[in-house]
């Protein structure tokens with residue numbers, strides 16, 4: 001049976017949000033769904049606020065988000081307390097996942113190496129949430145994660161910030177696509193008609209490149225393709241042009257499957273690691289390894 005240092009009501013609340021349902025939370029806590037429901041109802045009555053939106057998946061209300069921001073660091077400290085007193089059992093019943101938010105490009109190019117080192121060295125488990133680097137902070141603010149890789153250098157209240165480095169992006173396309181669409185060069189007219197590949201509707205990188213070329217209001221045809229590693233292949237197959245991290249381009253450039261549209265117009269995205277400001281060995285270890293691996297894989301920020 002799971003043992004928690006957290007109050008059972010707080011443990012039930014966190015489990016419902018993390019697992020997405022009362023049934024899944026009950027399985028994790030080795031109690032009945034009715035017991036989970038009673039604990040959360042009692043907690044809501046104590047605080048005078050509804051904390052959980054009871055739908056599939058369950059999510060926190062604004063009051064629940066506020067509470068979750070407090071509970072997340074407590075869970076990490078709880079796991080560290082068990083590590084101090086029951087070191088042989090931490091990886092089992094008492095092990096806690098470290099929830100972090102990461103942009104997909106970082107996950108595909110360098111973050112996995114950091115997570116693997118942390119798991120190998122410390123046995124940490126991870127709950128990785130993926131979002132655009134301009135939006136990962138929302139997951140930190142609402143308590144979903146303990147730390148986030150973000151493009152925002154200004155610290156969220158109650159958080160620390162570490163600079164990681166800069167990810168450089170180049171605009172790419174296949175040689176045939178360039179010949180068909182950009183024979184007259186990069187300008188408003190050509191960009192308005194050439195199909196553009198975008199990760200999702202939060203992705204602003206391609207639009208930032210367009211603004212580097214022209215201030216004209218254009219509405220190009222767009223493919224939405226939520227895969228960082230697939231961007232290079234999609235461009236090579238002539239689906240359109242896009243921005244891709246330089247670390248993913250070497251093989252396709254060498255085989256001449258793609259070309260860079262303009263080597264002078266690059267998009268540099270500084271990345272930062274923001275994490276809850278608590279005296280936690282876990283968060284310190286995660287921060288140190290992320291910074292080390294990023295230092296070897298990213299460009300130094302100017």
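List of remarks:
- When only Cα pairs below 8 angstrom with a gap of at least 6 residues are kept, the stretch 217-302 shows a relative contact order of 17 percent.
- Based on alpha carbons, the Rg and Dmax found for the chain are 22.6, 70 Å.
- Cα gyration tensor shape for the stretch 167-267, rounded if a/c is under 1.5, else prolate or oblate: rounded
- Between 0 and 90°, nearest 10: helix 281-297 axis offset from the chain longest Cα axis: 10
- Gain on full stretching of the segment that runs from residue 61 to residue 300 - 0.36 nm per residue minus C-alpha separation: 82.1 nm
- Each 10 Å bin from zero up to the one holding the largest Cα-Cα distance in the stretch 1-51 carries the following percent of pairs: 29, 60, 11, 0.
- Distance (nanometres) between label positions extended 7 Å along Cα→Cβ at residue 195 and residue 216: 2.2
- Net length gained if the chain between residue 207 and residue 107 were fully extended (0.36 nm per residue, minus Cα distance): 33.8 nm
- Annotation: the antiparallel percentage among DSSP beta bridges lying fully within the stretch 167-267 is about 65.
Read the figures in this text as sums done on the coordinates, not as results from a lab. A quick note: this is a predicted structure, and the numbers were derived from the prediction, not measured. A quick note on method: Cβ atoms are made from the backbone with ideal geometry, for glycine too, and the neighbour counts reach across all protein chains shown.
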